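Data block below; observations after.
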Amino acid sequence: MTTPVRYKFTIAYRGTHYHGWQKQAVPASYEGEILPDHDGIPTVQEIVARALMHVLGHPINLVGSSRTDSGVHAKGQLAHVDTDQTQIPVEGLRQAVNARLPADILVRTVEPVPMTFSAVRSTASKRYQYAIWNALDRSPFLGELTWHRRQPLDVKAMREAARLLVGTHDFASFAKPGHGRESTVRTILDCSVSSRGPMLVIGVEGKGFLWNMVRIIVGTLVEVGAGRHPPAAVSTMLAARDRRAAGPTAPPQGLFLQWIKTREAGAVPVPLNA
């Protein structure tokens, strides 16, 4: 019997037409005929697992690092899978899986890793990007990838507010109710706001996130940029530990999982337009 090998996958996808990453109640079938019964919208995990099963020829368990929500995109989602079909060259495996995937999902890399590697437990930090098209007119090309905001935003004020989020804080005010976590304390390693023409990009790196946490951070920073709150109000929002104290939840289409760093190997950051 061949000894199983664990492979790490780096996956990019446009989440517009998917019910998030996480496989729903109905599992992917070997024949690829079953769709989840959630409004008929498949999940990324299901589609990738289905392609892998066809290529490897046996049932698999595809474990992903981050549960992105419906409509959210990824440039560097990490996942792992075990297989005893080790006669397939790594690059051949990558290309064979990509040949069975739709145009909006791509396996960027495949690499063998120790069996001790886990897409979940080996994660050290994650970085999300949120893209905002800040102009009077919407972009006819980026509508599914950005949040269009017509009102001019004060980037300097947003940067000042973003700095107050860095560090270890109780982010209860920045979590969707029903998140199911015992603790709402999280550590943000970096929170930045950059601009180039009408494109604003908010980057948030942390060791872990609560449900909708990044989108609520973005919604709050936009409120600051629009002049509805002074930058210092972010500290008051954190202290309140009440979801009603922070800003609105930004829509999903501007959010990207940029990269994931693991304890075994660092991630390679990818530019927004990659």
Legend entry - Residues of region 171-185 that turn out to be among the small types (Gly, Ala, Ser) and more than 18 Å from Thr236 (Cα to Cα), as a count: 3
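Return yes or no: is Glu205 among the acidic types (Asp, Glu), in a helix (DSSP H, G or I) and at pLDDT 95 or above?
In short, no.
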Legend entry - From Ile88, Ile105, Ile132, Ile60, residue being of a type in the set (A, V, I, L, M), closer than 30 Å to Ile217 by Cβ and outside the structural domain of Val214 (by TED's automatic domain parsing): Ile105
Inset, instruction - Identify, from the list Arg67, Arg94, the residue that is charged (D, E, K, R) and over 15 Å from Lys8 (Cα atoms). - result: Arg67
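Let's see how each residue does on (1) within 15 Å of Met158 (Cβ to Cβ); (2) hydrophobic (A, V, I, L, M, F, W, C):
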| residue | (1), (2) |
| --- | --- |
| Lys176 | no, no |
| Gly180 | no, no |
| Ser183 | no, no |
| Thr187 | no, no |
| Ile202 | yes, yes |
| Ile216 | yes, yes |
| Glu223 | yes, no |
| Arg228 | yes, no |
| Ala233 | yes, yes |
Inset, instruction - Would you mind finding the one in Gly254, Gly197, Gly208, Gly219 that is touching a strand residue (DSSP E or B) at 6+ places or on another chain (Cβ under 8 Å), within 24 Å of Thr16 (Cβ to Cβ) and not charged (D, E, K, R)? - result: Gly254
Inset, instruction - Using the structure shown, decide if Asn134 is out of contact with any strand residue (DSSP E or B) (no Cβ under 9 Å at 6 or more places or on another chain) and surrounded by 14 or more Cβ atoms within 10 Å (Cβ to Cβ). - result: no
Inset, instruction - Considering only residues that are touching a helix residue (DSSP H, G or I) at 6+ places or on another chain (Cβ under 8 Å) and more than 12 Å from Tyr128 (Cβ to Cβ), look in region 195-215 and name the one that is surrounded by the fewest Cβ atoms within 10 Å (Cβ to Cβ). - result: Ser195
Legend entry - Yes/no for Val110 being touching a helix residue (DSSP H, G or I) at 6+ places or on another chain (Cβ under 9 Å), modelled with pLDDT of 95 or more and under 30 Å from Leu200 (Cβ atoms): no
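The values are calculated or read from the model by the stated rules, or taken from the named source; none is laboratory data. In this text the structure is predicted, and so the values were computed from the model without any measurement. Cβ: placed from backbone, ideal geometry, glycine included. Neighbour counts: every protein chain shown.
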